[in-house]
Amino acid sequence: MSKQPLKILLAAPRGFCAGVDRAIQIVEKALEKYGAPVYVRHEIVHNKFVVENLKEKGAVFVEELDEIPDDGAPVIFSAHGVPKAVPEEAAKRNMFFIDATCPLVSKVHKEAEFHYRDGRQIVLIGHAGHPEVIGTMGQLPQDTVLLVETKEDVSALKVQDEANLAYCTQTTLSIDDTADIVEALKQRFPEIKGPHKEDICYATTNRQEAVKVLAPKVDALMVIGAPNSSNSNRLVEVGKIYGCEKAILVQRAADIDWSWLDGTGALGLTAGASAPEILVDEVINAAKERFDVSVEEVSIREENVIFNIPRLLRDEAA
């Protein structure tokens with residue numbers, strides 16, 4: 001029986017960004033240099049496959065420092081960043097800790113601190129409860145950062161001084177939604193200061209732009225990523241808005257209900273910034289078992305960003 005033809009249009013860029021790649025390398029190099037266990041506070045990146053892989057190598061994942069014994073083993077903070085109270089507590093306990101916060105998240109932290117030192121109240125655009133948002137808000141004293149998630153939140157803001165405001169954003173948001181919120185902020189508070197350079201990171205921007213190009217060309221869109229991955233969820237939303245209403249998030253090939261693709265001639269495929277390429281290959285290979293597959297890459301630009309790992313691990317690697 002002949003297989004139904006399926007054309008897969010593969011978005012590029014897709015998958016790992018430089019910050020995720022750096023964070024995973026930090027855990028792997030720490031395991032090589034210091035041996036197991038290496039403790040990691042929170043998922044190093046939001047991807048179950050990556051986390052399980054690192055667990056097999058000897059990484060122990062915890063949510064809080066009080067779960068870690070005083071055994072001198074290294075403690076790594078995740079790529080999402082942590083509130084200042086976390087390294088302060090680690091220092092009090094004389095823990096050996098390594099910060100794997102993405103440099104682009106650290107940039108937002110520095111911006112927030114700069115504006116706060118200049119006497120401005122901070123408005124943070126982001127998703128409540130996301131580790132990155134918790135980390136950014138935790139750079140400053142409690143109740144000094146106001147969080148907005150939607151345009152509607154802007155009208156309800158109660159600020160101390162309309163002439164002394166600045167905004168920052170989570171790095172993994174929808175570019176379009178964030179632009180709308182920023183516009184609403186500027187309309188209500190014309191003197192509000194913004195970042196010198198866009199806070200939404202290059203990888204989030206590139207992956208969303210690639211999906212915008214892909215979405216009108218396909219009957220269905222599949223995004224490989226974790227349910228708790230902000231940037232992956234945004235890719236599904238962007239696909240639906242830009243011409244492909246049939247869009248889903250899947251963690252890996254085993255999770256796919258293939259009947260969902262009934263009647264699909266062209267499938268768009270991409271991966272969130274914390275999903276490894278091996279999971280993309282896995283989905284394509286699983287599709288080939290069921291369909292007569294042809295693959296075409298749709299590339300909007302090249303990415304060549306690299307973030308160095310900390311020197312104490314780099315020297316060993318060299």
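Where a number appears in this text, it was derived from the coordinates with a stated rule and is not lab data. In this text the structure is predicted, and so the values were computed from the model without any measurement. So basically every Cβ, Gly included, is an ideal-geometry build from the backbone, and we count neighbours across all protein chains shown.
Tabulated data
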{"read-out": "Test item: Cα-centred dipole of the chain, Lys/Arg +1 and Asp/Glu -1 on Cβ, debye", "value": "500 debye"}
{"read-out": "Prolate/oblate/rounded call for region 104-188, Cα gyration tensor, a/c under 1.5 rounded", "value": "oblate"}
{"read-out": "In sequence order, calculated HN-Hα J values of region 190-197 (Karplus, 6.51, -1.76, 1.60; Hz; x Gly/Pro)", "value": "x, 8, 4, 8, x, x, 4, 10"}
{"read-out": "Cα-based shape type of region 56-96, given that a ≥ b ≥ c are square roots of the gyration tensor eigenvalues and the cut on a/c is 1.5", "value": "oblate"}
{"read-out": "Gyration tensor (alpha-carbon) shape descriptor, region 172-290, a/c threshold 1.5", "value": "prolate"}
{"read-out": "Charge dipole of region 104-188 about the Cα centre (unit charges at C-beta), most positive-ward option of Cys168, His130, Leu157", "value": "Cys168"}
{"read-out": "Among 261-268, 73-80, the order from most to least packed when residues are scored by Cβ within 10 Å on average", "value": "73-80, 261-268"}
{"read-out": "Region 18-102: translational diffusion in µm²/s, Stokes-Einstein, Kirkwood Rh over Cα pairs, 37 °C, 0.692 mPa s", "value": "261 µm²/s"}
{"read-out": "Where only alpha carbons of region 224-318 are counted, the Rg and the Dmax (Å)", "value": "16.5, 54"}
{"read-out": "Cα gyration tensor of the chain - equivalent ellipsoid semi-axes, whole Å, descending", "value": "34, 28, 15"}
{"read-out": "Antiparallel DSSP beta bridges within the chain, as percent of all bridges there, nearest 5", "value": "0 percent"}
{"read-out": "Length released on extending from Glu152 to Glu52, taking residue separation times 0.36 nm less the Cα-Cα span", "value": "32.1 nm"}
{"read-out": "Members of Lys151/Lys217; Lys29/Lys197; Lys110/Lys151; Lys110/Lys186; Lys57/Lys212 lying beyond 28 Å, as alpha-carbon distances in this model show", "value": "Lys151/Lys217; Lys29/Lys197; Lys57/Lys212"}
{"read-out": "Signed unit charges on C-beta, dipole axis of region 18-102, positive-most listed residue Cys102, Gly58, Val86", "value": "Cys102"}
{"read-out": "Cubic angstrom per residue, convex hull over Cα atoms of region 49-175", "value": "129 Å³"}
{"read-out": "Listed residues Ile306, Ile200, Ile256, most fluctuating in the chain (Gaussian network, C-alpha, under 10 Å)", "value": "Ile306"}
